[in-house]
Amino acid sequence: MTNAFGISENELRKIRTRDKKCVYCHKNMVYPFNSEKRKDSATIEHLNYNGPFNWKDGLQLDDIAICCFQCNSSRGKKKLQDWFKSKYCIERNINENTISKPVKNYLKKKK
């Protein structure tokens with residue numbers, strides 16, 4: 001079984017094992033998605049703002065992470081570096097120094 005992005009359950013399990021807390025704000029997340037606790041629910045985060053967004057199109061394990069709905073919604077389609085300058089990130093101390101290792105590794109790979 002796969003999700004809307006074509007990511008297999010096996011690959012999702014690897015990501016969930018790696019990303020136990022939001023990769024940005026580090027809060028504990030709710031699994032599976034719960035509409036009553038929407039802002040705390042775990043979501044798939046595409047680190048690359050312009051894709052690929054589907055596994056069959058070349059989406060890779062290193063290009064995705066798990067973050068809370070609130071952070072994912074705030075970021076939207078912004079580049080990570082632009083998002084880090086937003087009021088949302090500044091108020092929550094989310095920046096290149098505070099993010100989780102998978103996001104740091106992604107940023108290093110893209111430089």
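Please work out which residue is modelled with the lowest pLDDT, limiting yourself to segment 54-91 and to residues that are in a loop (DSSP other than H, G, I, E, B) and crowded, with 17+ Cβ neighbours inside 10 Å. Only one residue fits best here, namely 59. All conditions but one from (1) without any contact (Cβ under 8 Å) to a residue 12 or more places away in the chain; (2) surrounded by 13 or more Cβ atoms within 10 Å (Cβ to Cβ) apply to residue 10; the one that does not is (2).
In segment 18-41, what residues are charged (D, E, K, R) and either in a loop (DSSP other than H, G, I, E, B) or crowded, with 17+ Cβ neighbours inside 10 Å (or both)? Scanning segment 18-41 gives 19, 20, 27.
When we screen 15, 44 for residues that are at pLDDT 85 or above, part of a helix (DSSP H, G or I), of a type in the set (A, V, I, L, M) and within 12 Å of the chain's Cα centre (by Cα), the only hit is 15. Filtering segment 18-41 down to residues that are hydrophobic (A, V, I, L, M, F, W, C) and more than 13 Å from residue 103 (Cβ to Cβ), which residue is modelled with the lowest pLDDT? Within segment 18-41, the match that is modelled with the lowest pLDDT is 33.
Out of all the residues in segment 58-78, which are over 18 Å from residue 110 (Cβ atoms) and not polar (S, T, N, Q)? Residues satisfying the conditions are 66, 68, 69, 71, 76. Residue 49 meets all of the listed conditions (1) assigned to a helix (DSSP H, G or I); (2) aromatic (Phe, Trp, Tyr); (3) under 12 Å from the mean Cα position of the chain (by Cα) but one, namely (1).
The values are calculated or read from the model by the stated rules, or taken from the named source; none is laboratory data. All of these numbers come straight from a predicted model, not from anything done at the bench. With ideal geometry, Cβ positions are generated from the backbone for all residues, glycine too; neighbour counts draw on all protein chains shown.
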